[in-house]
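Enquirer: Can you keep this structure in mind? I'll have questions shortly.
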Amino acid sequence: MKRRSLTTVREEPSKNSRNGDYAIYVMVTTTAVLSYMNSLNGDFVHDDIPAIVTNGDVTGSNSLKHLLLDDFWGTPMADVNSHKSYRPLTTLSFRLNHALAGLRPWWWHACNVTLHAACCALVARACVTIARLQRPFAALAALLFAVHPVHTEAVAGVVGRADVLACIFFLSSLLVYHRPTSSKKCVWLSIVLGALSMLAKETGVTVLMLNLAFDFYRCWPFVKRSICSLKIEKKCTGLSIRSIKVLLSLALLICLRLALLQGTWPTFSPQDNPAAFHPSFFVRLMTFCYLAAFNWWLLLCPWSLSHDWQMGSVPLITSGWDPRNLLTCAAFGALLLLCYRFIADLEVQRHTPAVIGLLLLVIPFVPASNLLVTVGFVIAERILYIPSVGSVIITAYGVQLMWYSKPWTKWILVIGLAILAASGVARTYRRNADWKDRATLLRADLVTLPQNAKLHYNLGNFLRETEQQDNAIRHYKEALRLWPSYASAHNNIGTLVTGADNAEHHFLQAIKFNKHHVNAHYNLGKLYKKSGQTARAIQMLEKCIWLQPRFVQAHVELLILKPESEKRSILSKLVELEPNNWEHFVLYGDWLRLKGLQSLASKYYLEALKLNFRNRNLEKPVRGDLISFRYTALMYRSLGQKSRILQLLTRWHTWRRGWPSAAAAHMYLRDWRLKMELEGRVQIYSKAVNPTKTTTCFDHSQLSGEVKIAVKEKPTNYEENKKQVTNLKSVRNKIVSTASDSNNSACECKKCGTKKRNVSISSQIKTTHNKSEIGHKEKQCNLHKEKTVKNSDVIPNIGGPLSEHILMKTF
């Protein structure tokens, strides 16, 4: 249904306007890419580690089903420790990134920069079509957005992609909903885009409220006329229908989002958001209002930037005489003036850019303002990515008004804007360098916020990992000086200090300030175990498991301390917690073997071997394969199942060679099996012909030089594969036929009645062969006693992938 068109700006001819728009898009995207070019050399830092590097939903160790059931950090939404941030669309983009480029940071940063450039183009489009800015000033707004330094956390930090993706769908929904010629499909499409924005980040759902508010603003003259005349106009009917659709969709999306919380809200601590836990309502109100004003100040003057504003970065406002309240009053005074302009402009609608700028500035920021729900941060620069669109629109509109109302200020505006853009590029470029790696980021932010206890703690963690123990302890103690109840700092100091008494003191302090600190209980339990206090160690480890039932390390420690009667339940729990960890199956198999349960132990050893085959990686160390293979083979030997040992050896050997095709692997398997069978026959023949010369089997490679052709070169096509397999079969048939023809000339030995003959080794191989295939079953090699194994049991028919040959059943 058509709506009232806004005629505040004279439209240019369509062809010229289209060419002008393309020029704006090219200029803005190029500027955005160049501004963030040096961020491509950055590493994974800060939140990138838990959200990407160690997240199984991203690296592919978890199935796609987990991607829909887990939160942004890879924890199940039903878990009480979940952060409850549900962003599957962003996680899916991370997974695609990992599938295409692995964990090479350059490609991840390149994807972020590309998405930011696309977002800048959408900002330019929205400024022209929605905000109704003239094209030069729309280009100015998009340019300021592209180089804004506050965006460095969202673009240079890979995790910030959630905000960039949400902004792309946010602006797309806005553009689709407010098209000049709207239809029912446009409304539904904008709702779908809003839902996608919410799946990228939760704040994206606010686009539906913004669409509804701006739609009401545009249709207000018709609504007022209908109220005055008591007659509903056609325009108002369309507004009502659209409002019902949007409100119902918004209610449904909010209900679904609340259902995903699984009945529990995210849990935060005073370290995350100190103001939210203060008992005084006025302290909370003044602090939250100041934080909102400070966020707006960061949009106007983004000089003091940090990736972490927690724990002392912004002290609480406990008095009405605090000078920071002046900034709060100034910010809210400016906001009230904009609201007055919004209300005064409802009838004439001459200041549409100011109205849409105000809506974009306020509505997306509301979920992060602590007014609706408590958030887990004090200030986060990444959440300003969407509100900054409204800020640059208001700025560009102010420049546009001054440009036409006061012509004598043009040269001042040009110089000022040039300085503003250049300073934005320089600050962005410099801030990108801070995000190069973890150490650089922490040290740069400590210069900005030396009173931040968490920054000292994180730097202490980095120094500990790089073996700088003394400096790490110094920063941990500084964190405790700034925040005395910092439990994690106490715990980490306890892991570094010398002396059991000092370590125990810090672990107990950590538990005192945070009785749910899992690592402190675990470390204290290990300390008691080391000092011989078994009962206290078991008590601490059991408390650790009670706090976090899936703490595998605690179960492993309890396995050592618990008596034999309780070990089986712990082993079963370990297998249940990590069903893909071959070490747990080996531990369980060892315990069963010591108990005399040989058959059951072999099943667990075999499962450990299957896990190594299933998660095969030729570049990984061979230790896991060898251990699981050795235990399985020893168990089969104790059970007398030597044919299975041959099968295991064949599969393991083939897998370690890593053939690139199933045909090549099949030929190698056939050749390997043939050599293993012929080795025993050569031993029998050598003992029968010349028992005094040797007691060992001849090398199976001496049987025929033609047998070696299977593995010298890899086949290049199917015809060559078929030809080599045929040659291999002919060699084997030739050997078997030779053995049959020489049956009458068999010699005798002490055991089987054959006669000793002085024949050279080469002539023996050419004229006589082992007769085990023609009925002489009593002739067996003393060193290589093996059972007859069917060909189908060892070598499967070709036609399936290599993994099928490796993972086939051995029974």
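The values are calculated or read from the model by the stated rules, or taken from the named source; none is laboratory data. All figures in this text were calculated on a predicted structure; none of them were measured in a lab. Counting neighbours? That spans all protein chains shown, and the Cβs are built from the backbone with ideal geometry, glycine included. Accessible surface areas use protein heavy atoms only, side chains included; no ligands, DNA or RNA. Shrake-Rupley method; radii C 1.70, N 1.55, O 1.52, S 1.80 Å.
Enquirer: Let me spell it out: the conditions are (1) in a helix (DSSP H, G or I); (2) within 22 Å of residue 365 (Cβ to Cβ), and residue 282 meets all of them except one. Which number is the exception?
Expert: Only one criterion in (1) in a helix (DSSP H, G or I); (2) within 22 Å of residue 365 (Cβ to Cβ) is unmet by residue 282, namely (2).
Enquirer: A further question on this structure: Go through the residues of the range 330-348 one by one and say whether even a single one is in contact with a Cys (Cβ under 8 Å, 6 or more places away or on another chain) and surrounded by fewer than 16 Cβ atoms within 10 Å (Cβ to Cβ).
Expert: Yes, there is a match, as at least one residue in the range 330-348 is in contact with a Cys (Cβ under 8 Å, 6 or more places away or on another chain) and surrounded by fewer than 16 Cβ atoms within 10 Å (Cβ to Cβ).
Enquirer: What do you reckon, is residue 207 at pLDDT 85 or above, surrounded by 17 or more Cβ atoms within 10 Å (Cβ to Cβ), in contact with a helix residue (DSSP H, G or I) (Cβ under 7 Å, 6 or more places away or on another chain) and at negative phi?
Expert: The answer is yes for residue 207.
Enquirer: Taking the range 613-652 only, how many residues are farther than 14 Å from residue 585 by Cα and modelled with pLDDT under 65?
Expert: Summing the residues that are farther than 14 Å from residue 585 by Cα and modelled with pLDDT under 65 in the range 613-652 gives 9.
Enquirer: May I ask you to list the residues in the range 452-505 that are open to solvent by less than 60 Å² (accessible area, probe 1.4 Å), outside any helix (DSSP H, G or I), within 18 Å of residue 519 (Cβ to Cβ) and not hydrophobic (A, V, I, L, M, F, W, C)?
Expert: Matches in the range 452-505: 485, 486.
Enquirer: Considering only residues of the range 519-543 that are aliphatic (A, V, I, L, M) and open to solvent by less than 70 Å² (accessible area, probe 1.4 Å), which is nearest to residue 489 (Cα to Cα)?
Expert: It comes out as 520.
Enquirer: Before we move on, is residue 161 in contact with a helix residue (DSSP H, G or I) (Cβ under 6 Å, 6 or more places away or on another chain), surrounded by fewer than 20 Cβ atoms within 10 Å (Cβ to Cβ), touching a residue at least 24 places away in the same chain (Cβ under 8 Å) and more than 19 Å from residue 217 (Cβ to Cβ)?
Expert: It is false that residue 161 is in contact with a helix residue (DSSP H, G or I) (Cβ under 6 Å, 6 or more places away or on another chain), surrounded by fewer than 20 Cβ atoms within 10 Å (Cβ to Cβ), touching a residue at least 24 places away in the same chain (Cβ under 8 Å) and more than 19 Å from residue 217 (Cβ to Cβ).
Enquirer: Would you mind stating whether residue 144 is over 26 Å from residue 195 (Cβ atoms), in a helix (DSSP H, G or I) and over 15 Å from the mean Cα position of the chain (by Cα)?
Expert: Criteria met by residue 144.
Enquirer: Another question about this same structure. Among the residues in the range 175-182, are any closer than 30 Å to residue 43 by Cα and of a type in the set (Gly, Ala, Ser)?
Expert: The answer is no, given that none of the residues of the range 175-182 is closer than 30 Å to residue 43 by Cα and of a type in the set (Gly, Ala, Ser).
Condition check ((1) within 30 Å of residue 159 (Cα to Cα); (2) surrounded by fewer than 23 Cβ atoms within 10 Å (Cβ to Cβ)) across all residues:
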| position | (1), (2) |
| --- | --- |
| 355 | no, no |
| 377 | yes, yes |
| 386 | yes, no |
| 392 | yes, no |
| 395 | yes, yes |
| 398 | no, yes |
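Enquirer: Counting only residues that are open to solvent by 10 Å² or more (accessible area, probe 1.4 Å), give me the helices (runs of 4 or more DSSP H) lying completely in the range 29-111 with at least 3 of them.
Expert: 64-69, 88-101
Enquirer: I would also like to ask the following. Within the range 551-578, track down each residue that is surrounded by fewer than 17 Cβ atoms within 10 Å (Cβ to Cβ) and under 13 Å from residue 522 (Cα atoms).
Expert: Result: 552, 553, 556.
Enquirer: Separate question: Which of the residues that make up the range 295-336 are under 32 Å from the mean Cα position of the chain (by Cα) and in a helix (DSSP H, G or I)?
Expert: 295, 296, 298, 299
Enquirer: May I ask you to list the residues in the range 506-518 that are free of Cβ contacts under 8 Å to residues at least 24 places away in the same chain and open to solvent by less than 70 Å² (accessible area, probe 1.4 Å)?
Expert: 506, 507, 509, 510
Enquirer: Among what's in the range 344-372 and is in a loop (DSSP other than H, G, I, E, B) and touching a residue at least 24 places away in the same chain (Cβ under 8 Å), pick the residue that is farthest from residue 167 (Cα to Cα).
Expert: Ranking the candidates gives 347 first.
Enquirer: Looking at residue 172, is it touching a Ser or Thr at 6+ places or on another chain (Cβ under 9 Å), in a helix (DSSP H, G or I) and of a type in the set (S, T, N, Q)?
Expert: So residue 172 passes the test.
Enquirer: How many of the residues in the range 176-203 are out of contact with any helix residue (DSSP H, G or I) (no Cβ under 6 Å at 6 or more places or on another chain), open to solvent by 30 Å² or more (accessible area, probe 1.4 Å), within 28 Å of residue 237 (Cβ to Cβ) and not basic (Lys, Arg)?
Expert: 5
Enquirer: Any residue in the range 415-425 that is in contact with a helix residue (DSSP H, G or I) (Cβ under 8 Å, 6 or more places away or on another chain) and open to solvent by 50 Å² or more (accessible area, probe 1.4 Å)?
Expert: yes
Enquirer: Filter the range 124-159 down to the residues that are of a type in the set (D, E, K, R) and closer than 15 Å to residue 356 by Cβ and list them by number.
Expert: Within the range 124-159, 125, 132 meet the criteria.
Enquirer: Quick check on the range 435-448: of everything there that is touching a residue at least 40 places away in the same chain (Cβ under 8 Å) and part of a helix (DSSP H, G or I), which residue is surrounded by the most Cβ atoms within 10 Å (Cβ to Cβ)?
Expert: So, considering only residues that are touching a residue at least 40 places away in the same chain (Cβ under 8 Å) and part of a helix (DSSP H, G or I), the one surrounded by the most Cβ atoms within 10 Å (Cβ to Cβ) is 441.
Enquirer: Another question, if that's okay. Residue check: is residue 246 closer than 27 Å to residue 307 by Cα, among the hydrophobic types (A, V, I, L, M, F, W, C) and either surrounded by 13 or more Cβ atoms within 10 Å (Cβ to Cβ) or in contact with a His (Cβ under 8 Å, 6 or more places away or on another chain) (or both)?
Expert: It is false that residue 246 is closer than 27 Å to residue 307 by Cα, among the hydrophobic types (A, V, I, L, M, F, W, C) and either surrounded by 13 or more Cβ atoms within 10 Å (Cβ to Cβ) or in contact with a His (Cβ under 8 Å, 6 or more places away or on another chain) (or both).
Enquirer: Working only within the range 262-283, note down all residues that are more than 9 Å from residue 376 (Cα to Cα), surrounded by 13 or more Cβ atoms within 10 Å (Cβ to Cβ) and of a type in the set (Phe, Trp, Tyr).
Expert: Result: 277, single match.
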